[in-house]
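The values are calculated or read from the model by the stated rules, or taken from the named source; none is laboratory data. Remember, it's a predicted structure, so these values are computed and weren't measured experimentally. FYI the Cβ positions are ideal-geometry reconstructions off the backbone, even for glycines, and counts take in every protein chain you see.
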Amino acid sequence: MARLRIVATLAAALTAALLATPHPADGSATRTPYDQSPTWAGCPNVPTPRPGASPQHMECATLSVPRDYAHPGAGELDLAISRIPATGPGPRLGSLLVNFGGPGLPGIPELAAVAANGDLARLNERYDLVGFDPRGVGRSTPVDCGDLSGVTATDAAAQARQVARACRAHSGGLLPYVGTHNAAHDLDVIRSAVGDDRLTYLGFSYGGRLGSVYAHEFPQRTGRMVLDGVPDPTLDDVGTALAQSAAFQHALDDFAADCAARSCPIAGHTAKEVVAGIAEQGHALDGGGIATVTGQLDHEGFVQGVQNALYSKDDWSDLRDALRALRTGDGEPMMQLAYPGQMGQLSGAGMLGRAGLPPLRPGRSGAGTGPDWAVPDNYEMAKLAIDCQDTPERRTVAGVHRLDGRFSAASAVFGPSIEATLLACTGWPPGDHASREVSARTAPQALLVGTTADPATPYPGAAHMAAALGNGSRVLTYRGDGHGAYFAHSRCVRASVEAYLVDGTLPPSGAVC
């Protein structure tokens, strides 16, 4: 096994060298993805929370990258990038690439919204902020699964097979190449194109997976790196789903305790009583649900709405309002939590169950990590395609049902629905292990930020990632609720992240905010 890893590492290094080095041919150099500079221009039609929110000084460009880095001559993809030049004061430090999570979330409108809110202003003083739509997402040769109105199956596995067929029919030539391994190589092309010797990077949620794979592939080109809301690289799909189930249950307990201490629409004096009341309210929808303007709210939609609201403590007030509205037979607020922007209609197939951000809804920050804007049409299918390419396991219905007891024990409320996500990649070819290979012993230390009550990327993942990187990366603990910490109203976290990225100063071992 060790020898195979050495061979794989040498092969990856050789591929990177071949891509990075021009090769003489008839007296000229062969063009590589590193032989390009962005042609910066305006950024038309970037969706933002409100008209005019996009910074006027944001510029956009398109790079060409290999469809398959293992075979760089087998076609190219478009990679859309954006830049907000450093504002000063102080000398420019280079470019800071930012990934806001997902997978499936396009980075260009995310960066525009964050910059408009001033949330990265301190870092923008010294860095050009660089956003990008990862391959398969948004404007970067997007995954297209066509019209899914023909997806009519009701059970998760059959529905997933129908979706897989639709995606292959429309994007079959793209799907094998949208995984995180190739996306990490895209990061290196962007790094080169913006003129940096090393990658300086800020990654949230899924962005932590992408950043860690980059450090594994390109340790010598890795610079200062911050990962916030860190996925656990040591877990397979079952382990991830079980950990999420327990973490979402913990987040629900925290919400219930807070609700019980104020004017809560669910009767109860303790968190346990409120949780029981929430579960009872959901089960009451099993008999047919509530007709709303945007569709039928059933038990599945109720659970999805509650789960989405737990990504950010900022959304707890909306969840209280939705639970209160249900008492009068109004299911619309819960529908808006469950299916923002009419997304998530295929959630029964487990489309949204992997670690990362839920679909955002206009005017809110669905995960507590920054921007508020309408998610583009291909978010859900891009997320599915990337997740399936990154997941080598394929589970059977019978095999998943054997896990029923473990998921119910982890969370009676969320366990069954998160368990169903294990069937989301039914009908897709097995993915690869590359996104779980994160050892980067020769890369610089990274700063990993873990939130103690993070429901989507549970807190132990930060320590496990630090150990897996093997380079002495530092974990900063944030004692709080919600997914991600940098945008969670913690001055301590923000100051620590900015001190590292700007000055190279890591917090002390065991630091807590």
Q) In segment 282-322, what residues are of a type in the set (S, T, N, Q) and closer than 14 Å to residue 417 by Cα? A) 304, 307, 308
(Q) Between 444, 455, which is within 18 Å of residue 243 (Cα to Cα) and modelled with pLDDT of 95 or more? (A) 455
Q) Which of the following residues is more than 19 Å from the chain's Cα centre (by Cα) and farther than 26 Å from residue 444 by Cα: 191, 165, 198, 224? A) 165
Q) Which residue, of 215, 251, 257, 261, is touching a residue at least 60 places away in the same chain (Cβ under 8 Å) and not assigned by TED's automatic domain parsing to the domain that holds residue 104? A) 251
Q. Under 6 Å by Cβ, and 6 or more places apart or on different chains, what pairs join a residue from segment 130-156 that is without any contact (Cβ under 8 Å) to a residue 60 or more places away in the chain with one that is assigned to a helix (DSSP H, G or I) and not β-branched (Val, Ile, Thr)?
A. 131/107; 131/111; 132/107; 133/107; 146/166; 146/170; 153/159; 153/162
Q.
I want to confirm something. Restricting to segment 448-463 and keeping residues that are in contact (Cβ under 8 Å) with a residue 24 or more places away in the chain and surrounded by fewer than 19 Cβ atoms within 10 Å (Cβ to Cβ), which single residue is nearest to residue 207 (Cα to Cα)?
A. 460
Q | Residue identified as surrounded by 20 or more Cβ atoms within 10 Å (Cβ to Cβ), aliphatic (A, V, I, L, M) and under 21 Å from residue 203 (Cα atoms) among 112, 121 | A | 112
(Q) If a residue must be farther than 11 Å from residue 208 by Cα and crowded, with 23+ Cβ neighbours inside 10 Å, how many such residues does segment 436-447 contain? (A) 2
**Q.** Verdict on residue 230 being within 28 Å of residue 461 (Cα to Cα), buried (at least 21 other Cβ atoms within 10 Å of the Cβ), assigned by TED's automatic domain parsing to the domain that holds residue 458 and touching a residue at least 40 places away in the same chain (Cβ under 8 Å)
**A.** yes
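Condition check ((1) surrounded by fewer than 21 Cβ atoms within 10 Å (Cβ to Cβ); (2) within 28 Å of residue 494 (Cβ to Cβ)) across all residues:
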| residue | (1), (2) |
| --- | --- |
| 213 | no, yes |
| 236 | yes, no |
| 247 | no, yes |
| 254 | yes, yes |
| 261 | yes, yes |
| 279 | yes, no |
| 285 | yes, no |
| 306 | no, no |
Q) Do we find a residue being in contact with a His (Cβ under 7 Å, 6 or more places away or on another chain), crowded, with 20+ Cβ neighbours inside 10 Å and over 18 Å from residue 248 (Cα atoms) anywhere in segment 265-273? A) no
Q | Total residues in segment 142-160, condition crowded, with 16+ Cβ neighbours inside 10 Å and of a type outside the set (A, V, I, L, M) | A | 4
